[in-house]
Amino acid sequence: MARETSELAAASDERSGFWTVERRRDGLIVLLTLVTGSLDAIGLLRLGGVFTSVMTGNMVFLGVSVAERNGALAVHTGVAFLTYIVGSFLGARLAGHADGEQHPWPRPVVHGLLLEFGVLCVFGVWWEVVGAAPSSVVGYAMLGVNAMALGVQSAAVLRFGISGLSTTYLTGTLTQFVAGLTKRGEGFQVRSGLLLLALITGAGLGSEVVLHAPRYAPLVPLGALGLVVLGAWGTFHRRA
């Protein structure tokens, strides 16, 4: 508790200037959204054509699979859905829940993202072992690994306790961004706009690599997530 309090005090001393504590935090969260976009692209293009983060979309796919009698689509969506739930549970257990006076980047969030990084390392090694061409059965498992990673990430971000903040559920972010444009006297909601742009950028990068250099596809989400973990630790916890 004393260490967390000292970190909070040190962070509050840096609120002047352009790179305030809030902007540093938001910049890392935007970078974290690149992970979501790239993993969704990999899932859609190489792991069964379903999402690893958008569970609402996967529930729609599940309904479509029933109507089409498409067993493969049903299994893919079911695997993604269940493993995302498992990841969310593990992430919530590790990262905890928002409390009163929040540190700008709580240490348990770092722990949650480290778990996600470990899960993605499993995916990266497995992807290399199968030569970036997984069989259908292995593809199911890899899809589950990635969905679990994003479940952990989603739960870890909830620890910030900021209403509407998400790196996986971005339909709500889009709605907030558009609604913000209707408020008089308020400018563009920069964070929401950057989150949406980061999702598109991550999906573009993930798609480009998985289509033209598939062996390196895991490096996109792993690289972005690694930068977030190192940046969060160096910016908010190094003094400890």
Of all residues making up region 112-149, the number that are without any contact (Cβ under 8 Å) to a residue 24 or more places away in the chain and under 30 Å from Leu165 (Cβ atoms): 2
Residue satisfying condition, being under 21 Å from Gly139 (Cα atoms), part of a helix (DSSP H, G or I) and in contact with a Phe, Trp or Tyr (Cβ under 7 Å, 6 or more places away or on another chain), within set Val64, Val122, Val79: Val79
Subset tally (residues that are among the acidic types (Asp, Glu) and surrounded by 19 or more Cβ atoms within 10 Å (Cβ to Cβ)) for region 150-200: 0
Among (1) more than 30 Å from His237 (Cα to Cα); (2) in a helix (DSSP H, G or I), the one test that Leu94 misses: (1)
Where Val50 falls short, out of the listed (1) surrounded by 15 or more Cβ atoms within 10 Å (Cβ to Cβ); (2) of a type in the set (Val, Ile, Thr); (3) out of contact with any Lys or Arg (no Cβ under 8 Å at 6 or more places or on another chain); (4) assigned to a helix (DSSP H, G or I): (4)
Test: residue in region 108-116 that is over 13 Å from the mean Cα position of the chain (by Cα) and farther than 23 Å from Ala232 by Cβ: no
Yes/no for Val138 being among the aliphatic types (A, V, I, L, M) and crowded, with 21+ Cβ neighbours inside 10 Å: no
Scope region 60-86; condition free of Cβ contacts under 8 Å to residues at least 40 places away in the same chain and touching a Gly at 6+ places or on another chain (Cβ under 9 Å); matching residues: Phe61, Leu62, Ser65, Leu73, Thr77
When residues of region 75-134 are limited to those that are within 21 Å of Gly49 (Cα to Cα) and of a type in the set (Ser, Thr, Tyr), the one surrounded by the fewest Cβ atoms within 10 Å (Cβ to Cβ): Thr83
In region 127-153, the residues that are hydrophobic (A, V, I, L, M, F, W, C), part of a helix (DSSP H, G or I) and farther than 25 Å from Gly91 by Cβ: Val129, Val137
Candidates Leu196, Leu225, filtered to the one that is touching a Phe, Trp or Tyr at 6+ places or on another chain (Cβ under 6 Å) and not aromatic (Phe, Trp, Tyr): Leu225
Members of region 11-32 found to be modelled with pLDDT of 65 or more and either of a type in the set (Ser, Thr, Tyr) or at positive phi (or both), listed by number: Gly17, Thr20
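The values are calculated or read from the model by the stated rules, or taken from the named source; none is laboratory data. All figures in this text were calculated on a predicted structure; none of them were measured in a lab. Note that we place each Cβ from the backbone using ideal geometry, even for glycine, and neighbour counts take in every protein chain shown.
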